[in-house]
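Data block below; observations after.
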Amino acid sequence: MKIIYNCFGGSHSSVTAAAMHLGLISESRIPTAEQLKQVSYFDTQLAEDHGEFKYMGDDNLGNQIYIIGRRNLGPMFEPMLHGIAKIFKIPSDDYLVINTMPCVNWIMVVGGILSRKLGIVSLGRPIVIYGTQQAHGNFVKLINRIKTTVLLPEKGKH
């Protein structure tokens, strides 16, 4: 299965969720700033990267994990992907699309705008890191829900 974590810019919440899913960030403790900075794509995506699928790795069940920044597509993104998959006859149980925006807090938004949109990385990155640390519990809940309600039932199919 291909699991696609998506958010506005593909630089913070989708990256954090994918990294946690892959075990690169612990579910049991809040990551340090250095741990977040070491995650591929964290706070590095540019506007021209939006809409591009980035491979993050394979999980312990063999699922391929991707991230993408979907910009202003918002609620249109998932139906669009389902429509493309249908055109190419890709079964819906071969992929999973996960919106990570519900995990985002206002601190992440402010830090992300400063760092990615305005290019003030020295100010924005510490703020977005702090916001991501504060939102850790949101990401834990999301990943646990995905693993227990979606992937564990799938394990028997492989």
Exercise. Could you run through the stretch 34-79 and say how many residues are of a type in the set (A, V, I, L, M, F, W, C), in a helix (DSSP H, G or I) and surrounded by 13 or more Cβ atoms within 10 Å (Cβ to Cβ)?
Key: 3
Practice problem: Please go through the stretch 135-149 and pick out each residue that is surrounded by 14 or more Cβ atoms within 10 Å (Cβ to Cβ) and either modelled with pLDDT under 95 or not small (G, A, S) (or both). | Solution: H136, N138, F139, V140, L142, I143, I146, K147
Quiz item: If you check G119, G74, which single one turns out to be without any contact (Cβ under 8 Å) to a residue 40 or more places away in the chain, at positive phi and within 18 Å of the chain's Cα centre (by Cα)?
Solution: G74
Practice problem: Considering (1) over 26 Å from T148 (Cα atoms); (2) at pLDDT 95 or above, say which one D49 fails and leave the rest. | Solution: (2)
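Against the definition (under 10 Å from the mean Cα position of the chain (by Cα) and closer than 24 Å to R125 by Cα), how does N99 come out, yes or no?
Details: under 10 Å from the mean Cα position of the chain (by Cα): yes; closer than 24 Å to R125 by Cα: yes.
So N99 passes the test.
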Quiz item: Which one is surrounded by the fewest Cβ atoms within 10 Å (Cβ to Cβ) among residues in the stretch 91-106 that are closer than 15 Å to T16 by Cα and either without any contact (Cβ under 8 Å) to a residue 60 or more places away in the chain or of a type in the set (K, R) (or both)?
Solution: P102
Exercise. Exactly one condition in (1) in contact with a helix residue (DSSP H, G or I) (Cβ under 9 Å, 6 or more places away or on another chain); (2) touching a residue at least 12 places away in the same chain (Cβ under 8 Å); (3) of a type in the set (A, V, I, L, M, F, W, C) is not met by M80; state its number.
Key: (2)
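So in the stretch 1-33, with the set limited to residues that are touching a Lys or Arg at 6+ places or on another chain (Cβ under 6 Å) and assigned to a loop (DSSP other than H, G, I, E, B), which one is farthest from L81 (Cα to Cα)?
Checking each candidate, the answer is S11.
The values are calculated or read from the model by the stated rules, or taken from the named source; none is laboratory data. All values derive from a computational prediction rather than experimental measurement. For neighbour counting, all protein chains shown are included, and Cβ atoms are generated from backbone atoms with ideal geometry for every residue, glycine included.
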